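Only one structure is covered here, and it is reproduced in the block below.
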Amino acid sequence: MASNDFDSVAGVLAPGFVLEWPQSRERIRGSERFALMNQEYVAHGPWRFRVVRVIGNESEAVSEVEITDGAQNAKAISFFTVLAGKITRLVEYWPEPCPAPANRAHLTEPME
């Protein structure tokens, strides 16, 4: 992904790969559609990725990644299913930052 050569990502995707975005209720099937979706996404420059953490084993993994194109900033929490070294399913959540409610300010502290 960091190369921004999204066609090359097909090398790690299994035949029958499925991506799901539960928040927008979208499903993308296949590596070709996955690559096109990334190529057609409106960006202000090349995408840069910072892996915050990855946890997993040979069949499942979870990642937290920060993404930016220099203007847009996002975080993705991704759940991978892997079979024979290829990603078969990816479920991603793209949470939006939100202000902390004032009614719990006495219980919390701001994060940097």
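Computed from the coordinates by the stated procedures, all read-outs in this text should not be read as laboratory data. Everything quoted here is computed from the prediction, not taken from an experiment. All Cβ positions, glycine included, derive from the backbone under ideal geometry; neighbour counts span all protein chains shown.
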Over the chain, what per residue volume does the convex hull of the Cα atoms give, in whole Å³?
132
The alpha-carbon center of the stretch 5-19 and that of the stretch 39-71 are separated, in whole Å, by 15
In range of the label at ASN4: residues from the stretch 43-60 whose backbone nitrogen is under 17 Å from the point 7 Å along Cα→Cβ
43-50
Karplus ³J(HN,Hα) for the stretch 29-34 (6.51 cos²θ - 1.76 cosθ + 1.60, θ = phi - 60°; Hz, whole; x = Gly/Pro) runs 10, x, 5, 5, 5, 4
Amide H proximity to GLN72 below 5 Å, modelled H, separation 5+ or other chain, gives HIS44
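Would you mind calculating the gained length between MET37 and ALA74 on full extension (0.36 nm times residue separation, minus the Cα-Cα distance), in nm to one decimal?
So the extension gain works out to 11.7 nm.
Tell me the mean residue ellipticity at 222 nm calculated for the chain from its helices only (DSSP H runs of n ≥ 4, each -39500 (n - 2.57), averaged over every residue, nearest 500).
One gets -2500 deg cm²/dmol as the mean residue ellipticity at 222 nm.
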Gain in span if fully extended, GLN23 to THR88, counting 0.36 nm per residue against the direct Cα distance
21.4 nm
